[in-house]
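Computed from the coordinates by the stated procedures, all read-outs in this text should not be read as laboratory data. Predicted model, so just to flag it, every value in this text is computed and none were measured. Positions of Cβ are generated from backbone atoms using ideal geometry, with glycine treated the same way; all protein chains shown enter the neighbour counts.
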Amino acid sequence: MKTVKSIYVLFLTCLAISLTGCQKDDDKDPVKPTLSPSSISVKQGATATVSISGGEAPYTATSSATSIASVSINGNTITVTGVAVGNATVIVTTKNSGRSELSVTVTEADAPPVENPNNDGTGETFLFGPNYTQIGSGERIFELTKSHTIKKGVYTLVGWIYVKEGASLTIEPGTIIKGSNKSYDGTKQLQVHR
């Protein structure tokens, strides 16, 4: 009987050792999600998407600065929207607490396209350059025979512009017109004839 008890105690000891050697899978270190790309740059008002792989779904995503970058998640895709110029970090977590960070830089939005003011139906072209901020081309004299308006802004006068009798040139308040020596003869003038 002592032998049976000894075998029974030995069996229970082996069983106890083998059971304590097993760990639950939950005790393992969580797997970090992989983000592709791992950092993004997005313009104000625009969006960018990032793919998530690895780790255990479902995923969550939060922005460190929602006033700079907002974030939403749909399955394995994060959508980041640029709110204001600056930097933010999006923290992505998995079901089992795996964690990765996405660096976000929000840049200034592109300026809206400028409508060509020369398309005013008069057929006269006298504004040139980037965003039509150059009055005259510097290559010839311009004679305006119809009515035009120069919107408020900063312009550079290049060459000679004549506003002929019967025509008008309205320059909105706050407009700044600077001279340039890029004209064909090195001079610039804006003349109004009456």
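Report the gain in length on full extension from residue 97 to residue 62: 0.36 nm times residue separation, minus Cα-Cα distance, nm rounded to one decimal.
Difference between extended and current length: 11.2 nm.
If the chain linking residue 164 and residue 146 were pulled fully straight, counting 0.36 nm for each residue of separation and taking away their Cα-Cα distance, it would gain 5.7 nm. Spin-label model, residue 105 to residue 39: label points 7 Å out along the Cα-to-beta-carbon direction sit 0.7 nm apart. With both labels modelled 7 Å from their Cα along Cα-to-Cβ, the residue 51 to residue 180 distance reads 4.7 nm.
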